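K.L.:
Mind having a look at this structure? Questions to follow.
Where a number appears in this text, it was derived from the coordinates with a stated rule and is not lab data. Being a predicted model, the structure only gives us computed values, none of them experimental. Every residue, glycine among them, receives a Cβ derived from its backbone with ideal geometry; neighbour counts consider all protein chains shown.
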Amino acid sequence: MNKVVKPEELPIRTLHDFLLEINNEWTRFRTGSLLNIVTTIILFTLFIPTSFIISLRRAGPFDTLLLLGIMAALIYNTYLAYRQYKFYQKWERRLGLLLHLEEQILNEI
């Protein structure tokens, strides 16, 4: 028996709906990656000097290891957010071209 699938049950109804949904969310994703970069840099510039001052007073091996781990995590997080931003920037242009092409095709029909 073949079940008839209603349009509401499908993950996407049309390619047009899919592209519009992605286009509407794209700016939020890109802005989120920029905010992540800025937040991480602020945390890095505020946290690291303070931690160095505290670490110099106590100078325990665990404190130094923890500080280095946090520094590495913040640097890696900044790198990942930058790569994410570049990805969104690259694909935003391609998605825009695809939407423009779709509009041209729909206007010709």
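K.L.:
Counting just the Cα atoms, what span does the range 65-109 cover along each of its three principal axes? Round to the nearest Å and put the largest first.
P.N.:
That works out to 65, 10, 5 Å along the principal axes.
K.L.:
Where Lys and Arg each count +1 and Asp and Glu each count -1, what net charge lies around residue 102 among other residues with Cβ under 12 Å from its Cβ?
P.N.:
Its environment carries a net charge of -3.
K.L.:
Restricting attention to the alpha-carbon atoms of the range 29-109, what are Rg (one decimal) and Dmax (integer), both in Å?
P.N.:
Cα only, the range 29-109: 21.1, 74 Å (Rg, Dmax).
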